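Trainee: Take this structure, written in structure tokens, and hold onto it; I'll ask about it next.
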There are 2 protein chains.
Amino acid sequence: MHEPPVTARRVTIVDVARHAGVSTTAVSKVLRNAYGTSPQMRSRVSAAVDELGYRPSAAARALRGRTWTVGVMLPDVRNPFFADILDGVAEHLDDTEYQLFMTSGCDDVTNEARVTEAMIDRSMDGLVLIAPVSAKERLTEVARSVPTVVVGRHGSSPTYDSVTDDDITGAALVVDHLVSLGHRRIAHIEHHETDPVRLAEMPNAQRARGYRDAMIAHNLAGEIDIASTSYTQQGGYLGARQLLARRIRPTAIFAGADVVALGALEAIAEAGLTVPGDISLAGYDNSALAAFGPISLTSVDQDGRQMGANAARLLVERINQRDRRTAQVKLTPTLVVRRTTAAI
Amino acid sequence: MHEPPVTARRVTIVDVARHAGVSTTAVSKVLRNAYGTSPQMRSRVSAAVDELGYRPSAAARALRGRTWTVGVMLPDVRNPFFADILDGVAEHLDDTEYQLFMTSGCDDVTNEARVTEAMIDRSMDGLVLIAPVSAKERLTEVARSVPTVVVGRHGSSPTYDSVTDDDITGAALVVDHLVSLGHRRIAHIEHHETDPVRLAEMPNAQRARGYRDAMIAHNLAGEIDIASTSYTQQGGYLGARQLLARRIRPTAIFAGADVVALGALEAIAEAGLTVPGDISLAGYDNSALAAFGPISLTSVDQDGRQMGANAARLLVERINQRDRRTAQVKLTPTLVVRRTTAAI
DNA sequence: AAGGATGTGGGCAACGTTTTCCAAATGTTT
DNA sequence: AAACATTTGGAAAACGTTGCCCACATCCTT
């Protein structure tokens, strides 16, 4: 099928003004409900807007001030935890004029730079960066040119707000739970990290630290056993294989993320062992996967929705008041016990 | 004396022009490598651009021409199949100047309207609409004002291109497979649909039709049995319960989507039956869930990546040539046999 | 009744690009 | 050497908003 392009010219503020018999200034004022408009004019302009089906050009607005657009940088759409955060952001933003756009697949520093640049180029009013891996200076720089909230990365900055989960507490919850079930040989699969800043700021590093601290607190320093791979299903598989090959096998594994636990599940099944009969397993994130019946994974719940909502709130606040002090919101996780952990 | 402003002013094309000692026109030409620039000028301008770290304002560009932005409307980030499509789009677009932004959570007509409006307001150069539910007239209207590709919806339009999977063939693949295993009582769980246009265009309706046609082709018209619920886990659960309550139980269930199969799995387990011992089960989409070891679901693979890549290709083509005829790309699915289907 | 406050509406200059034009310089053909 | 074609670079007008002004009309004080 085919149809010649009908070049329907866009309805502009000028058309509305002419149609209502007022100036463009007047229309603009009504649209933004600015000071200096009589009820009579307001209704005339509104009528014209409706009749003509006028919509303001965000592009033109961008040149003057706001675009009513906020960008969310997502490392990976496939991670359901990020989807929770997104829900929270979206929910909060639904009550406002802002429209949310997101990007995905920013797994490295180069991509992150490209995406943040792209968002700044498009004059977005605010940015939410979820679990960014860029250098701190880079983030600080970005936040200097546009209001920014960083989610899921510890540490404070003079230019951006941040929202995190208390990963140290979360890890401790898991260890406490396993210890209370009688476990002592509790191993951990972590995401490998060497860079000092990232060791301090990335959630994975905090979880590993929380695990260590909690083990020590339970007088189990000697039982600390960490497989250092990555926060992927593959990483979980490999990590679990490492741990299962130990001379004395752990009786419980704390995987740093739910996807890691999934990979571990495969490795455990492959080794002919059962969960939680032979070995207990806990994850982190309480994603939909963890809740899924046949899997039913004990996991730490971060309430991503809440994190997202907080991020959106902070962002809107900062857009409206750029010079207010930065804030750090830290939420407390909870443990959701399911069927992959049991008494020894 | 006043202090200099804290926020560094943006570097504009004027700054570059001054720094290079040429006109803004010249800079613009070099940037877009337009006709009428000497090699000497090109190098001077490029040097100035680099030295000043200049980046063109997409906002300003939008007012004149392209924004180099394409928008992808995603119904739901949580559906991993959509993520595959997204990967395909992103992969293809990475080779171009275009930046991709997406929205999610457009589950109804109102939201879809809001999102498409928002994308048009922001002068995006092109739109990819994934499995939209809006009325066809609405989509046609949108496509009239901006190049648009619709993914996952059958039927052709004079204004937009479309990319689909051949759902009828896909459904037939499942039926053929089950018949070859000796099954005759093969039931189907569909997403309920009444609207005539949607009945013709939505993938779910096509799958139901493919199921019916294939059954008839195998002389099994009398065995056709459909539970009409929805493409959700809950829908799968309820649908399977309906089917299991039949006087003569089906020996195989073809679920219209992987999530539906998951729900069905729960219902089957609840009824004290095993898969594939008592009953065979197949899904559609070959999502990561289907591939996941413990589940290992037989499913139809749509190659979302390929669909996305095609969509991106068509979109860029149309952006560059708005009056070319619309095209419909239909891809052939394949069956991935796993452990939920077995001989009777 | 004069003066000042307040309310109401519009003119106009940005904002940062792109895109015609157009002029000058240079090259090529008679 | 004149006429014409091509190349090179710039001036200036959009594009659709917003926000700072200013002008005028009312209304309220003294």
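Trainee: So if we plug the beta-carbon distance of A:Asp323 and B:Ser38 into 1/(1 + (r/R0)^6) with R0 = 51 Å, what FRET efficiency do we get, rounded to 0.05?
Mentor: 0.60
Trainee: Semi-axes of the equivalent ellipsoid of region B:230-296: what are they in whole Å, largest first, if each equals the square root of 5 times a C-alpha gyration tensor eigenvalue?
Mentor: Square roots of five times the eigenvalues give 18, 13, 10 Å.
Trainee: Please give, to one decimal in nm, the separation of the simple spin-label points placed at A:Thr140 and A:Ala271, each 7 Å out from Cα toward the Cβ.
Mentor: 4.4
Trainee: Just name one of A:Gly304, A:Thr232, A:Val175: the one whose Cα is farthest towards the positive end of the charge dipole of chain A (beta-carbon charges, Lys/Arg +1, Asp/Glu -1).
Mentor: A:Gly304
Trainee: Then there's this: Between the DSSP loop rule and a limit of at most 14 other Cβ atoms within 10 Å, which chymotrypsin sites (Phe, Trp or Tyr not before Pro) in region B:21-126 are left?
Mentor: Details: sites: B:Tyr35, B:Tyr54, B:Trp68, B:Phe81, B:Phe82, B:Tyr98, B:Phe101; in loops: B:Tyr35, B:Tyr54, B:Trp68, B:Tyr98.
Passing both the DSSP loop test and the Cβ count: B:Tyr35.
Trainee: Rounded to the nearest 0.05, what FRET efficiency do A:Ala343 and A:Ala288 have when you use their Cβ-Cβ distance and R0 = 25 Å?
Mentor: It comes out at approximately 0.40.
Trainee: What nm value, rounded to one decimal, do you get for the distance between A:Arg10 and B:Ser296 when each label is placed 7 Å out toward the C-beta?
Mentor: Here the modelled spin labels are 5.6 nm apart.
Trainee: To continue, here is another question. One quarter of the convex hull surface, Cα atoms only: what value does that give for region A:42-148 in nm²?
Mentor: Values: hull surface 32.9 nm².
Averaged projected area of region A:42-148's Cα convex hull equals 8.2 nm².
Trainee: Let me ask something else about it. Along each of its three principal axes, how wide is the spread of alpha-carbon positions in region B:118-200, in whole angstrom units, largest first?
Mentor: The Cα atoms of region B:118-200 stretch 56, 23, 21 Å along their principal axes.
Trainee: Ignoring everything except DSSP H segments at least 4 long, calculate the 222 nm mean residue ellipticity for the protein assembly as shown; use -39,500 (n - 2.57) per segment, divide by total residues, nearest 500.
Mentor: -13500 deg cm²/dmol, from helical runs alone.
Trainee: Pairs of Cα atoms under 8 Å, at least six residues apart: use those to get the relative contact order of chain A, whole percent.
Mentor: The normalised contact order for chain A reaches 18 percent.
Trainee: Here is a further query. About its Cα centre, how strong a charge dipole does the protein assembly as shown have in debye, to the nearest 20, once Lys and Arg get +1 and Asp and Glu get -1 at the Cβ? Don't skip to the answer; put the middle values down first.
Mentor: Numbers: 74 positive and 80 negative charges, 343 e Å.
With Lys and Arg at +1 and Asp and Glu at -1, about 1640 debye.
Trainee: If you don't mind, another one. By how many nm would the segment from A:Leu199 to A:Arg55 grow when fully extended, if each residue of separation counts as 0.36 nm and the alpha-carbon distance is taken off?
Mentor: Between A:Leu199 and A:Arg55, full extension yields an extra 47.1 nm.
Trainee: If you don't mind, there's one more thing I want to ask. How many nm separate the modelled label positions at A:Ala113 and B:Asp76, each set 7 Å beyond the Cα in the direction of the Cβ?
Mentor: 3.9
Trainee: Here's something else I'd like to know. Karplus couplings for region A:44-58 from phi (6.51 cos²θ - 1.76 cosθ + 1.60, θ = phi - 60°), rounded to Hz, Gly and Pro as x?
Mentor: Each residue of region A:44-58 in turn: 4, 5, 4, 4, 4, 4, 5, 4, 8, x, 6, 9, x, 7, 4 Hz.
Trainee: If you line up the Cα atoms of the protein assembly as shown on their principal axes, what length do they span on each, largest first, in Å?
Mentor: 76, 70, 59
Trainee: Here's another thing I want to ask about it. Please sort A:145-156, B:249-260 by packing, taking for each peptide the average over its residues of neighbouring beta carbons within 10 angstrom, highest first.
Mentor: Descending packing order for the listed peptides: B:249-260, A:145-156.
Trainee: So what are the radius of gyration and Dmax for the Cα set of region B:291-344, in Å?
Mentor: For region B:291-344, the Cα-based Rg and Dmax read 17.4, 55 Å.
Trainee: Also, quick follow-up: Along the charge dipole of region B:91-170, which of B:Gly152, B:Thr96, B:Val109 sits closest to the positive end, that is, farthest toward it, with unit charges on the beta carbon of Lys, Arg, Asp and Glu (+1, +1, -1, -1)?
Mentor: Projecting each Cα onto the dipole axis, the largest value belongs to B:Val109.
Trainee: Straight-line reach from A:Lys330: which lysines fall under 21 Å, measuring Cα to Cα and dropping same-chain residues less than 8 apart?
Mentor: Cross-link targets: A:Lys136.
Quick note: the coordinates plus some simple rules give every number you see, no bench work behind them. Please read these numbers as outputs of a predicted model, since none were measured by experiment. Here Cβ is always computed from backbone atoms with ideal geometry, including for glycine, and neighbour counts include all displayed protein chains.
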